[in-house]
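Okay, structure first, notes after.
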Amino acid sequence: MPFKIFLLLVFLAGFSGCSSSSVLSAKKGHKFQSKELKKLMTTLNISIADNYKSELEKDDARLRKALRLSDDLKSAVLKLNVMEKGSLRDKMSREDLLVYRRNTGTLYKSANEIEEIAKNYEAEKLDPAIERLKQSCLSCHAHFGVSNVF
């Protein structure tokens with residue numbers, strides 16, 4: 001794979017007007033400069049960097065995002081609990097309070113599950129956990145009449 005990337009870069013360097021004596025150097029850059037060339041090379045660099053990351057690098061990035069998601073979910077649950085004990089208590093029926101508490105509990109369990117998946121580096125379990133979280137959110141929002149979700 002690295003050989004293919006090398007060939008692609010050599011081809012592009014030749015195509016862009018670079019002479020063999022002035023191929024990319026950390027100090028010199030291209031012999032011929034243009035905005036179009038710079039834009040093309042930037043796009044290719046991003047594409048190559050993103051598309052040729054190893055699966056481990058991709059999993060690592062997803063799992064780091066999952067840890068942040070877990071932290072955000074736990075913070076949200078704490079705020080939801082404060083709201084339930086304060087401003088929302090008088091506005092909800094007993095049934096709504098029970099549904100609210102059940103859903104915030106489920107949300108907290110999802111946060112813990114996602115955190116454990118990330119800490120144990122079990123990326124294959126992340127998508128099903130996120131889907132369960134999404135279904136839990138949709139269920140709660142449907143109960144409380146929230147329609148503009150996801």
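What follows draws every value from the coordinates through simple rules; no lab data is involved. All figures in this text were calculated on a predicted structure; none of them were measured in a lab. No Cβ is skipped: glycine too gets one built from the backbone with ideal geometry, and neighbour counts run over all protein chains shown.
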### Message
I'd like the FRET efficiency for Leu88 and Lys53, computed as 1/(1 + (r/R0)^6) with the beta carbon distance as r and R0 of 35 Å, rounded to 0.05.
### Response
0.20
### Query
When only Cα pairs under 8 Å and 6 or more residues apart are kept, what is the percent relative contact order across region 56-143?
40 percent
### Message
Name the residue from Asn112, Ala61, Leu138 whose Cα lies farthest towards the positive end of the charge dipole of region 56-143, charges +1 on Cβ of Lys and Arg and -1 on Cβ of Asp and Glu.
### Response
Leu138
### Message
List residues of region 98-115, by number, whose backbone nitrogen lies under 19 Å from a label position 7 Å along Cα→C-beta of Glu131.
### Response
107, 110-111, 113-115
### Message
For the pairs Lys38/Lys65; Lys35/Lys58; Lys65/Lys134; Lys109/Lys134; Lys74/Lys119, flag any whose C-alpha to C-alpha distance is greater than 21 Å.
### Response
Lys38/Lys65; Lys35/Lys58
### Message
Could you compute how fast region 43-150 diffuses translationally, taking Rh as the Kirkwood radius over C-alpha pairs and applying Stokes-Einstein at 37 °C with viscosity 0.692 mPa s? Give it in µm² per second.
### Response
209 µm²/s
